[in-house]
Every structure is written in structure tokens, then in C-alpha cells.
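What follows is one structure encoded as C-alpha cells, with my remarks underneath.
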Amino acid sequence: MNLLQELRSRFAPVLAAHVDQVAPLLTMIRPAQDDKFGDYQANCAMPLGKRLSKPPRDVAAGLVQQVDLADLAEAPEVAGPGFINITIRDDFLIEQLGKAFADIQRLGVAPVTEPRTIIIDFSSPNVAKPMHVGHIRSTVIGDSLSRVLRFLGHNVITDNHLGDWGTQFVMIIYGYKHFLVESQWQEDPIKELSRLYRTVRGLIDYHDAVKALPEAEELLGKQQQRLAEFENTDPGDEKSLARKLKKDIKSLNSKIRDQKEKIKNQRATLERVKSDPEQSDLAGHHKNIGQAVLEETARLHEGDPTNLELWTLFMQHGRADIDRIYERLSISFDVELGESFYHEQLSGVVQDLQDKEMATESEGALCVFLDNHDAPMIVRKRDGAFLYATSDLATVKYRMEKWHPDTILYVVDFRQGEHFEKLFDVARAWGFPDVEYQHVRFGTVMGEDGKPFKTRAGDTVGLEPLLDEAESRALAVVAEQDDQKPEGPEFSDDQRTDIARVVGIGALKYADLSQNRSSDYTFSYDKMVEMRGNTATYLQYGYARVNGIFRRGNVNIEVLRARAVPFQFAEPIERRLALELLRFAEALDDVVADYRPNQLAQYLFEMTQLFFVFFDKCPVLKSEGDLRQSRLQLCDLTARTLKKGLWLLGIDVLEKM
Ligand code: ARG
């Protein structure tokens, strides 16, 4: 049972007698911050008192009289200005705990009564480039959300929206035809593909900058001239004129700042090529590279055999690379419909937007203008090429028609925020309003130097070396732990390596999942595998500890479960741990409320801390009779909750470590 939900459902009818909207008041019933205020606290009497113009204490006293909690809680107490403190009755706790203990599959977590169909678009790397550390965030957050939502009974479809089409691929086709270094390709195809991409991209940017810089400088000149005119204008006495002038100056100043930034970047692009003789030579020989890439694109779209063959070749290499990572992370998807799947639908999408008079031409490009955005969504470029956004619109349509989802989650970097805001607005207006669109955004992975996580050489960190390093750090911790055992080391080298794999991958995932996803987080190999701290290693250790107890006591789990006795609370910590174990369902609700797996991580961490306090204070194997049995049951339920909880985060446990 979900205790919090139960309490809220008991308060709902009582509150409904006073207000129309009970939901905001119900959210003010929460777990108590401190044991001394009971187990749960209802703070809704304060806002309600204000609404009803009555002293909150009186309102609280009234609510307490009306709410029917007798079967599950002690008589609620009114404290301070009008807090209602609720303590769950021990007999009720014991009954619920017994039910959770007997429920091997779900640990007492009931499935939702109204399952939703939820599509989760996550991981979605660009196939032609090596996956980077940002993709790991999307991958582990998306995977964990899919596990939790599915466990709660929703109908989940996971979709890996691969970046496997578009200009980026064509740039590589061009690069392959002109700049391939055969030996490098043989040695590491993905690295070579990514070099080819960077080379072509760099040359295109260079020629674009050559063309654009004079115009940009001219525009800056004009803006500065206008600013000077504004500054020399006398607004006279009219206040509104003065205000308008001030506003114009401010906005012009900001435009000038942006323009200067743009020019600075263009100059840097030019400088990068000019200062490198090899690059300048290439630039000289590939003056029309932008046009040439467009022609390659057209050829690919028309099904030109060479280009299609190259595309297939790059896809194979890229996929193999990505799949190796998924394999190591144990990640899989229901469908993997990348951008290439949609490319034939794009002209139809654009046609439909035109037919519905949503898309209009502007400077040769086809745009959808939006009320709440300065820049429109471009759906077809001047040169006829479709864009990322066009492809995402086709994807919405396909998903809606195929699965009729209630919710679509996009687990993507926060930097794509504007893209998704526009996408959702356009998709709604286009004919798909009745679905919850969510950009489940996340922050940047930072290095310990406080800058985005990069290698020493300043390149993005590839995922394979990252996984290798995590496993090797884990191996060191596992070996140290094993060496310190009083009876001497327990594991062979092979066993240590196997354990380190689970510990290392778990640590890496948990380091990410335990962070509030909206913030940037600092990546640290050392912190990640700490034995004592908010790490997967600590939680895995807690799990292994319970198994150690069972081994030492020769406890047969099947027998333990078959002979279950009512739980006993001989020490306060036993009751405290028991209550925490019953809150598993609440933690999962918290994850779903705002799509934040860190709520589950935090719950598991606090639960494990309580377990260790319990373990410290209460002899388990040395106690006797039903108390011993009850304590063993607490251990078992802790281990099962840990195992299930970690599984929902995509993390494995170990019987021994
Ligand atoms: N391929 C994109 C990237 O790596 C992410 C795609 C996210 N999903 C989507 N439907 N736009 O940045």
C-alpha cells in the first residue's frame, strides 16, 4: 500500500467540503521532516484557514475531527500554528509490512489503476559520431524512467531516435570521397569518420565565414551608427518618449553585443584555418564545398547507389560502436526508428503544413511562425533541405498514429530546449494537441575543473574509455576490500574482474541518476566508487551485507519466507526502517511526478543508511525466537527492496563483494 496516497485519499472528501480544488491542499500532506512530528504531516490547514478567514489552528482541529484515520493512525495532533501530525499505528504498519513481505514480485506496490501509454525517446545518439558523455545521461535516465513506469503498470514504448540521416552523414560521404586516410580508416573507422566530419564541417564553416564576415561587419557598423544617433537624440520633456528611447538603446546594445560575438566567432573560424597550412591548402582546393555537399545530399535522396552504399557502410560501423556500449550498459529498446526512417515522409509533412497555411515562405525558406517565439521554426531550407525539426514533426505524427500515446518523453540535453518548445507548439497546432509532451531535460556533465568534461587534449570523452576506467577504478576498490577481509581474500582474479564490472557500471549509472537531472553534475571517478557515500557501491554493499548475514546464519530464504511471523518493533530503529521500507511506492511516485530518477536513488540511499543503523544496534543472528525471525525478515525485505530499486535504476546487485 502507498501510505501517503491512502492518507491523502482520506483527507480528500473532508477538504472537498471546503474547496473545489483539493489537489493543491493534498500535496501539503507529506512525510514528516522529523520523527518528533510523527510519521506524516498535513500542513493544509494554513492555506485553508486563510481562505476561510479562520484561525488555522481551529481549521486543523476541525479537519482532525472529520478525517477518518482511526484504522491506520493514532489520534492526529495539532501543533504550532496548525500543523497536523500523524503517527501510523504500529498494528497497521505490521499488517502492511506483512503484506509487502509476502508480495515477492511487487513488494506491496500496487500497479496504477489508469495505465497510460508513454513513449520514451532517449539515448538517440548520432550514428556517425562517437557517442559522448552527454549521451550516457540520456541513456541511463531514459532507461530508468522506462523501468519505473513499466513497473508501475504503464504501457511504455522505448524509442531510440538515432541521428542516422541528414547533412552530417553527407558531410562524411564528401569527406570519405576526398579526404580519407586509408590506414586510419583500417585502424579505427569511427575515429576516422569523426575526423572526416570535423574536417568537412570546418571547411564549410570557413567558407561560410569568408562570405558572411564582410556583411556582418557592415551590419555592425550600421548598428553602431544608429546607436550614436539614438544617444544624441534629445527626448525633450515627454516622459514616454524618453522611456522609449531608453528601451531602444538597450535593445540595440544587446543586438550589438550579439553581433560582436558572431563576428568574433567568424574571425576565430577563419583564423583556425589560416593558421594551419594544411587546412588552408584544403580550403583553397574545396572552395565550393558547401554546394558540393548539397549535391551529395540530393544524390543520396535520389538513391544514388554509391552514396547509399557509403551510408550503409557508415551505419554499420557506427551501429557496431554504439551497440557495444549498449551491451555493456545492458540497454535495449522496443524500437529504433532513427531519422532515416522518416526521410521519405518529410516532403509530405511540409506539404501538409503548407496546405494548412501554417508554413509560409520567408527569404526562400519555409517557416512556421510562432506567437511566443522570435525566430520561426524552419521546416525547409532555402536550398530545399529538410531539417532536424521537420524530421521531429514527422516523428510525432508517426507515433501518434501508430501508438496513440498519452505522453511522449524526450530525454535530451537542456540545450535543445528551444527546439522542443517550438516542436510541441507546432505539433499541437498541426493536429496533435491531446498528448502530454515533455522535454525531460538534463544538464551538462562537468569535469572536476568546473568545465564541461573533456579529455586532457580537449576532446569529448568517448564512452568506451569511460566505461573501461570506471571498471578499473572499481577493480581497485573491490581488491582492496577483498584484501582486508579478516579471513583473507575470498575471490580469484576472475571473480574480482566480474564483480568490478557490475560495481563499475553501476557506479557510473548511479553517479548520474542520483543527481537532480536539471543541474550540471561533476563527474568524479573517485567519488563514484566510494564505499561510504551516496554511491551504487554503498547500496550494492548493503545488499551483499544482508546476504552475508544469511550465509553466516545458514538462513534458508524460502523457509524464512514460508514461516513469516508478524514483524516486531523491539527498538525504535526497527519501526523506523520498517516505515521506510513501506515508502518504496512513494519514492516511485516521486520519480514519475517530474520524471526524476534521483528521487528513487535518494530513497534507496536513506533506506540503506537506516539499515546499517539497525544492523549496528540490533543483533540479528544472536537474537532469539520470533524476534530473530522478524529481524531476518526486515533484512530480507531490505535486500529485496534494494535489489528491485537498483534494478529500476538499471543497476545490478551482487550476492558477495
Ligand atoms: N540525435 C540528437 C542528438 O544527439 C538527439 C535526438 C533526440 N530526439 C529527438 N526526437 N529529437 O543531439
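The values are calculated or read from the model by the stated rules, or taken from the named source; none is laboratory data. Source: prediction; values computed, not measured. Reconstructed Cβ throughout: ideal geometry from the backbone, glycine too, with neighbour counts over all protein chains shown. Each accessible area value is taken on the protein alone, full model and side chains, heavy atoms only, with ligands, DNA and RNA left out. Shrake-Rupley method; radii C 1.70, N 1.55, O 1.52, S 1.80 Å.
Those residues that are more than 12 Å from the ligand (Cβ to nearest atom) and within 13 Å of the chain's Cα centre (by Cα), I need them from the stretch 117-132; list them, please.
none
Taking into account only those residues within the stretch 319-333 that are open to solvent by 30 Å² or more (accessible area, probe 1.4 Å) and within 15 Å of the ligand (Cβ to nearest atom), which is nearest to Q168 (Cα to Cα)?
Going through the stretch 319-333, the residues open to solvent by 30 Å² or more (accessible area, probe 1.4 Å) turn out to be 319-321, 323-324, 327-328, 330, 332-333.
Those left that are additionally within 15 Å of the ligand (Cβ to nearest atom): 319, 321, 333.
On the way: R319: 16, D321: 17, F333: 24 Å.
Per the stated criteria, the residue is R319.
Evaluate the stretch 343-360: report whether one residue or more is surrounded by 18 or more Cβ atoms within 10 Å (Cβ to Cβ), more than 16 Å from the ligand (Cβ to nearest atom) and assigned to a strand (DSSP E or B).
yes
Just the residues that are of a type in the set (S, T, N, Q) and either surrounded by fewer than 19 Cβ atoms within 10 Å (Cβ to Cβ) or at positive phi (or both), please, taken from the stretch 605-628. Reasoning before the result, please.
Of all residues in the stretch 605-628, those of a type in the set (S, T, N, Q) come to 608-609, 623.
Within the stretch 605-628, Q609, S623 meet the criteria.
Those residues that are part of a loop (DSSP other than H, G, I, E, B) and over 15 Å from T167 (Cα atoms), I need them from the stretch 370-385; list them, please. Break it down into steps so the answer makes sense when it comes.
Step one: list which residues in the stretch 370-385 are part of a loop (DSSP other than H, G, I, E, B), which gives 370-376, 381-385.
If the condition is that a residue be part of a loop (DSSP other than H, G, I, E, B) and over 15 Å from T167 (Cα atoms), then L370, D371, N372, H373, D374, A375, P376 are the ones that fit.
Exactly one of these conditions fails for Y40: (1) over 38 Å from the mean Cα position of the chain (by Cα); (2) surrounded by 13 or more Cβ atoms within 10 Å (Cβ to Cβ); (3) among the hydroxyl-bearing types (S, T, Y). Give me its number.
(1)
Which of (1) more than 27 Å from W165 (Cα to Cα); (2) exposed (fewer than 15 other Cβ atoms within 10 Å of the Cβ) does N288 not meet, given it meets every other one?
(1)
One line per residue, one yes/no per condition, for (1) assigned to a loop (DSSP other than H, G, I, E, B); (2) farther than 19 Å from I322 by Cα; (3) more than 34 Å from the chain's Cα centre (by Cα); (4) within 13 Å of the ligand (Cβ to nearest atom):
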{"residue": "E114", "(1), (2), (3), (4)": "yes, yes, no, no"}
{"residue": "R137", "(1), (2), (3), (4)": "no, no, no, yes"}
{"residue": "L149", "(1), (2), (3), (4)": "no, yes, no, no"}
{"residue": "F169", "(1), (2), (3), (4)": "no, no, no, yes"}
{"residue": "Q186", "(1), (2), (3), (4)": "no, no, yes, no"}
{"residue": "A209", "(1), (2), (3), (4)": "no, yes, yes, no"}
{"residue": "E215", "(1), (2), (3), (4)": "no, yes, yes, no"}
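Could you please tell me which pairs satisfy a Cβ distance under 6 Å, a separation of 6+ or placement on different chains, a first residue in the stretch 382-403 that is within 11 Å of the ligand (Cβ to nearest atom), and a second residue that is open to solvent by 60 Å² or more (accessible area, probe 1.4 Å) and in a helix (DSSP H, G or I)?
A394/Q345
When the stretch 33-64 is examined, which residues are found to be part of a helix (DSSP H, G or I), within 27 Å of D590 (Cβ to Cβ) and aliphatic (A, V, I, L, M)?
The answer is A45, M46, L48, A60, L63, V64.
Which of the residues that make up the stretch 404-429 are open to solvent by less than 10 Å² (accessible area, probe 1.4 Å), more than 10 Å from the ligand (Cβ to nearest atom) and not in a strand (DSSP E or B)? So that I can check it myself, show each step before the final result.
Keep residues of the stretch 404-429 that are open to solvent by less than 10 Å² (accessible area, probe 1.4 Å), which gives 405, 407-411, 417, 420, 423, 426-427.
Restricting the remaining residues to those that are more than 10 Å from the ligand (Cβ to nearest atom) gives 405, 407, 409, 417, 426-427.
Those that are open to solvent by less than 10 Å² (accessible area, probe 1.4 Å), more than 10 Å from the ligand (Cβ to nearest atom) and not in a strand (DSSP E or B): P405, G417, V426, A427.
Go over the candidates G153, G175, G166, G202 one by one and state the one that is surrounded by 14 or more Cβ atoms within 10 Å (Cβ to Cβ), closer than 30 Å to L513 by Cα and among the small types (G, A, S).
That would be G153, the only listed residue that is surrounded by 14 or more Cβ atoms within 10 Å (Cβ to Cβ), closer than 30 Å to L513 by Cα and among the small types (G, A, S).
For the stretch 1-32, which positions are polar (S, T, N, Q), assigned to a loop (DSSP other than H, G, I, E, B) and open to solvent by 60 Å² or more (accessible area, probe 1.4 Å)?
Of everything in the stretch 1-32, those that are polar (S, T, N, Q), assigned to a loop (DSSP other than H, G, I, E, B) and open to solvent by 60 Å² or more (accessible area, probe 1.4 Å) turn out to be Q21, T27.
Answer yes or no as to whether V445 is more than 20 Å from I120 (Cβ to Cβ), touching an Asp or Glu at 6+ places or on another chain (Cβ under 8 Å) and in contact (Cβ under 8 Å) with a residue 24 or more places away in the chain.
Taking the combined requirement at face value, the residue satisfies it.
Of the conditions (1) modelled with pLDDT of 95 or more; (2) surrounded by 12 or more Cβ atoms within 10 Å (Cβ to Cβ); (3) over 22 Å from R382 (Cα atoms), F314 clears all except one; give me its number.
So the condition that F314 fails would be (1).
Working carefully through the options A585, A639, A593, A601, find the one that is open to solvent by less than 40 Å² (accessible area, probe 1.4 Å), under 30 Å from D520 (Cβ atoms) and part of a helix (DSSP H, G or I). Outline the logic, then answer.
Values: A585 fails: under 30 Å from D520 (Cβ atoms); A639 fails: under 30 Å from D520 (Cβ atoms); A593 fails: open to solvent by less than 40 Å² (accessible area, probe 1.4 Å).
Of A585, A639, A593, A601, the one residue that is open to solvent by less than 40 Å² (accessible area, probe 1.4 Å), under 30 Å from D520 (Cβ atoms) and part of a helix (DSSP H, G or I) is A601.
Using the structure shown, decide if I84 is within 16 Å of the ligand (Cβ to nearest atom) and either open to solvent by less than 10 Å² (accessible area, probe 1.4 Å) or in contact with a strand residue (DSSP E or B) (Cβ under 6 Å, 6 or more places away or on another chain) (or both).
It is false that I84 is within 16 Å of the ligand (Cβ to nearest atom) and either open to solvent by less than 10 Å² (accessible area, probe 1.4 Å) or in contact with a strand residue (DSSP E or B) (Cβ under 6 Å, 6 or more places away or on another chain) (or both).
Can you spot a residue in the stretch 467-478 that is among the β-branched types (V, I, T) and open to solvent by less than 40 Å² (accessible area, probe 1.4 Å)? Outline the logic, then answer.
Within the stretch 467-478, the first condition is being among the β-branched types (V, I, T), and the residues that meet it are 477-478.
This time we only want the ones that are open to solvent by less than 40 Å² (accessible area, probe 1.4 Å), so: 477-478.
Yes, some residue in the stretch 467-478 is among the β-branched types (V, I, T) and open to solvent by less than 40 Å² (accessible area, probe 1.4 Å).
When you check S518 against the structure, is it buried (at least 17 other Cβ atoms within 10 Å of the Cβ), small (G, A, S) and touching a residue at least 40 places away in the same chain (Cβ under 8 Å), yes or no?
The answer is no for S518.
Are any residues in the stretch 171-184 farther than 22 Å from H301 by Cα and in a helix (DSSP H, G or I), and if so, which ones?
Listed by number, the residues that qualify are F179, E182, S183, Q184.
Open to solvent by less than 50 Å² (accessible area, probe 1.4 Å) and of a type in the set (S, T, N, Q): which single residue out of Q105, Q96, Q66 fits that description?
Only one candidate qualifies: Q96.
Only one residue in Y410, Y388 is of a type in the set (S, T, Y) and modelled with pLDDT of 95 or more, so which one is that?
The match here is Y410.
Determine which single condition P619 fails, assuming it passes every other condition in (1) outside any helix (DSSP H, G or I); (2) without any contact (Cβ under 8 Å) to a residue 24 or more places away in the chain; (3) within 19 Å of Q105 (Cα to Cα).
With respect to (1) outside any helix (DSSP H, G or I); (2) without any contact (Cβ under 8 Å) to a residue 24 or more places away in the chain; (3) within 19 Å of Q105 (Cα to Cα), P619 is out only on (3).
Find the residue count for the stretch 513-544, including only residues that are at pLDDT below 95 and in a helix (DSSP H, G or I).
Final tally of qualifying residues: 4.
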